[in-house]
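The structure appears right after this line, and notes come after that.
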Amino acid sequence: MSVLQALDLRRRSASTVAPPPAGKAPAVEVAKLIDVSKCIGCKACQTACLEWNQLDQPIGQTDGIYDNPRDLTPTSWTVMKFTEIEKDDNLEWLIRKDGCMHCDDPGCLKACPAPGAIVQYTNGIVDFVSENCIGCGYCVKGCPFNIPRISKVDAKAYKCTLCSDRVVVGQAPACAKACPTQAIYFGTKADMIVHAEGRITDLKSRGYKNAGLYDPKGVNGTHVMYVLHHADQPHLYAGLPDNPRISPLVGMWKGILKPLSLAAIAFAGVFGLMHYVTKGPNRVTEHDEEKAVELAGRDRP
Amino acid sequence: MTAQVDGDAKVEAPPVSRYTFAARINHWITAVSLVLLALSGLALFHPSLFFFTYLFGGGQLTRIIHPWIGVVLAVSFLGLFLRFFALNFWKREDTIWMKNLGQVINNKEEGLPELGKYNAGQKLVFWGQSILILVLLLSGVVLWDTYFADYTQIDQKRLAAVAHAFCAIAAILIWIVHVYAAIWVKGTLRAMTRGSVTGGWAWKHHRKWFRQEVGKP
Ligand code: HEM
Ligand code: SF4
């Protein structure tokens with residue numbers, strides 16, 4: 001993953017970003033819309049992701065459930081998560097495609113200490129730039145969705161790129177292209193919201209009273225959104241957070257603590273200097289030495 | 001006017017031994033590792049200090065080396081702790097000393113009670129660093145993803161990150177006070193280089209300890 005020349009940066013980890021070059025048309029925000037109600041769990045998207053990104057997910061073990069691999073890994077940037085809900089006489093099989101949500105206010109980027117290891121393009125995509133990554137795992141702590149994974153091979157962080165390399169040349173992400181039921185759409189964020197509204201009306205007309213769009217405000221919206229039949233209970237879908245936001249602990253760590261600390265250190269230095277300049281050193285005088293001899297003599301043990 | 005001496009003056013009482021060779025080596029291992037930890041840690045703490053990573057061979061190496069230096073510090077500081085803790089218990093004269101800190105800062109400590117081997121400021125540095133290094137070690141292990149990522153939950157890791165950064169800054173501030181005191185109070189540094197201080201220094205700053213050392217209560 002690297003920064004593509006045609007993509008301007010909106011944010012860059014541990015840096016202040018220069019605005020996009022003047023004379024460029026304002027960027028259009030993109031989004032992927034995952035319609036959970038249309039997903040049949042075939043994992044074509046998962047395969048397409050591996051193929052396009054040339055990822056080699058080692059063969060693992062199965063523990064008798066459909067999730068495979070069990071969770072995201074450094075080489076599986078998307079994983080289908082299956083949940084069975086039994087209620088009354090009804091069985092519901094909820095299948096959610098897990099992966100990076102491309103938060104508009106990305107916690108990983110906020111937490112990252114390495115300049116330019118995480119970037120956000122003006123189109124909203126959050127991308128990891130491996131060559132700048134130092135493998136500290138701070139992004140893992142910053143992320144409200146538990147997405148980044150640190151590779152045991154090269155100690156760098158990996159996650160879905162939203163196929164920034166495809167998007168930049170006008171293609172939809174590989175997963176969206178591969179989906180046989182068109183449960184994954186890709187386009188401008190505005191278009192995706194309009195499209196979701198149509199789907200939600202349809203779902204409501206079919207008895208899903210609480211159908212809705214998952215575009216959580218706690219992270220200022222996301223560039224990967226879900227249409228959920230039970231939008232009032234996102235946690236039903238394999239623990240999708242109901243109200244995701246950057247942890248206040250991370251906010252403190254990456255916010256107020258930094259300037260306060262540097263100010264305190266600078267103050268201590270200046271205070272010491274001023275003290276030395278105004279009060280001067282504390283010296284032992286000849287009188288003190290004489291007193292010592294007076295008390296203990298010259299030849300003591 | 002009395003002539004001033006810096007530890008090697010014409011008139012000087014015979015030296016008093018203050019630290020053994022082993023204690024000094026122990027101290028300097030601790031000092032060097034604390035400085036290296038502060039530099040490598042600050043590099044990751046604030047973007048404007050990221051250039052400190054060049055001192056350690058780049059970002060990846062800084063991230064790898066820092067916790068290992070932490071292990072050295074923890075072991076080394078434990079040595080100092082065991083050597084010195086008995087002399088650092090709080091005494092009544094320490095409270096009086098703290099109440100008159102203003103006089104100390106103004107270089108007018110003459111009227112204050114006689115002190116043992118350490119004054120209240122030194123004791124606070126000792127206990128402060130003891131507690132902070134313990135918390136830094138515990139939170140540091142939680143942050144040490146290479147080996148310990150699987151042992152804690154995400155919110156514990158986040159708490160560890162805040163605690164580690166906070167305690168690191170506190171430890172650095174105490175370190176600044178500690179180093180400044182050694183520069184300000186002349187004749188102190190040789191205790192950690194040559195291992196001894198002049199009789200006058202001992203009489204002026206730690207008279208009770210001086211009496212014990214020379215057997216003249
Ligand atoms: C005692 C054992 C210690 C251990 C095991 C330890 C471990 C760690 C680890 C694992 C990290 C995360 C980055 C990395 O993986 O390298 C870290 C960060 C850091 N450490 Fe330590 N450390 C220790 C002591 C110290 C000390 C004594 C200081 C300062 C005097 C310090 C200052 C810092 C700072 C400033 C950071 C960056 C925090 C941030 O990014 O906000 N550490 N430490
Ligand atoms: S692991 Fe890499 S991307 Fe994640 S916070 Fe650390 S440097 Fe940034």
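Values for this structure:
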{"quantity": "Condition met for residue A:218 (out of contact with any helix residue (DSSP H, G or I) (no Cβ under 6 Å at 6 or more places or on another chain), more than 14 Å from every other protein chain (Cβ to nearest Cβ), assigned to a helix (DSSP H, G or I) and among the small types (Gly, Ala, Ser))", "calculated": "yes"}
{"quantity": "Pick from the stretch B:182-217, criterion buried (at least 23 other Cβ atoms within 10 Å of the Cβ) and of a type in the set (Val, Ile, Thr), ranking: farthest from the other protein chains (Cβ to nearest Cβ)", "calculated": "B:197"}
{"quantity": "Residue within the stretch B:29-43 that is closer than 17 Å to residue A:14 by Cβ, at the interface with chain A (Cβ under 10 Å from one of its Cβ atoms) and not hydrophobic (A, V, I, L, M, F, W, C) present", "calculated": "no"}
{"quantity": "Evaluation of residue B:73 against (1) touching a residue at least 60 places away in the same chain (Cβ under 8 Å); (2) closer than 30 Å to residue A:247 by Cα (one fails), failing number", "calculated": "(2)"}
{"quantity": "Selection count, the stretch B:20-55, where residues are over 23 Å from residue A:130 (Cβ atoms), polar (S, T, N, Q) and in a helix (DSSP H, G or I)", "calculated": "4"}
{"quantity": "Number of positions in the stretch A:227-253 that are more than 9 Å from chain B (Cβ to nearest Cβ), buried (at least 16 other Cβ atoms within 10 Å of the Cβ) and out of contact with any Leu (no Cβ under 9 Å at 6 or more places or on another chain)", "calculated": "5"}
{"quantity": "Members of the stretch A:25-40 that are at pLDDT 95 or above, farther than 17 Å from residue A:161 by Cα and touching a Lys or Arg at 6+ places or on another chain (Cβ under 9 Å)", "calculated": "A:35, A:36, A:37, A:38, A:39"}
{"quantity": "Total residues in the stretch A:56-99, condition of a type outside the set (D, E, K, R) and over 20 Å from the mean Cα position of the chain (by Cα)", "calculated": "19"}
{"quantity": "Search result, residues across the stretch B:55-73 that are crowded, with 18+ Cβ neighbours inside 10 Å and more than 8 Å from ligand 1 (Cβ to nearest atom)", "calculated": "B:56, B:59, B:60"}
{"quantity": "All positions within the stretch B:75-107 that are among the small types (Gly, Ala, Ser), surrounded by fewer than 14 Cβ atoms within 10 Å (Cβ to Cβ) and more than 24 Å from residue A:281 (Cα to Cα)", "calculated": "B:86"}
{"quantity": "Scan of the stretch B:59-85 for residues that are closer than 12 Å to residue B:40 by Cβ and more than 15 Å from ligand 2 (Cβ to nearest atom), ordered by number", "calculated": "B:65, B:68, B:69, B:70, B:73"}
{"quantity": "Residues located in the stretch A:52-95, provided they are in contact with a Ser or Thr (Cβ under 6 Å, 6 or more places away or on another chain) and assigned to a strand (DSSP E or B)", "calculated": "A:94"}
{"quantity": "Residue ID - farthest from ligand 1 (Cβ to nearest atom), chosen from residues in the stretch B:30-48 that are among the β-branched types (Val, Ile, Thr) and under 25 Å from residue B:58 (Cβ atoms)", "calculated": "B:32"}
{"quantity": "Boolean, residue A:159 is within 16 Å of ligand 1 (Cβ to nearest atom), closer than 24 Å to residue B:155 by Cβ and either within 13 Å of chain B (Cβ to nearest Cβ) or modelled with pLDDT of 95 or more (or both)", "calculated": "no"}
{"quantity": "Qualifying residues in the stretch A:148-162 (those that are within 11 Å of ligand 2 (Cβ to nearest atom) and in contact with a strand residue (DSSP E or B) (Cβ under 9 Å, 6 or more places away or on another chain)) - the one nearest to residue B:64 (Cα to Cα)", "calculated": "A:156"}
{"quantity": "The stretch B:56-69, residues that are part of a helix (DSSP H, G or I) and within 14 Å of chain A (Cβ to nearest Cβ)", "calculated": "B:56, B:59, B:60, B:61, B:62, B:63, B:64, B:65, B:66, B:67"}
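Conditions tested, residue by residue: (1) more than 16 Å from ligand 2 (Cβ to nearest atom); (2) under 27 Å from residue A:52 (Cα atoms).
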site: A:84; (1), (2): yes, no
site: A:104; (1), (2): yes, yes
site: A:116; (1), (2): no, yes
site: A:120; (1), (2): no, yes
site: A:123; (1), (2): yes, yes
site: A:127; (1), (2): no, yes
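The values are calculated or read from the model by the stated rules, or taken from the named source; none is laboratory data. The shown structure was predicted, so the numbers you read here are calculated from the model rather than taken from an experiment. Every residue, glycine as well, gets a Cβ built from its backbone with ideal geometry; the counts of neighbours run over all protein chains shown.
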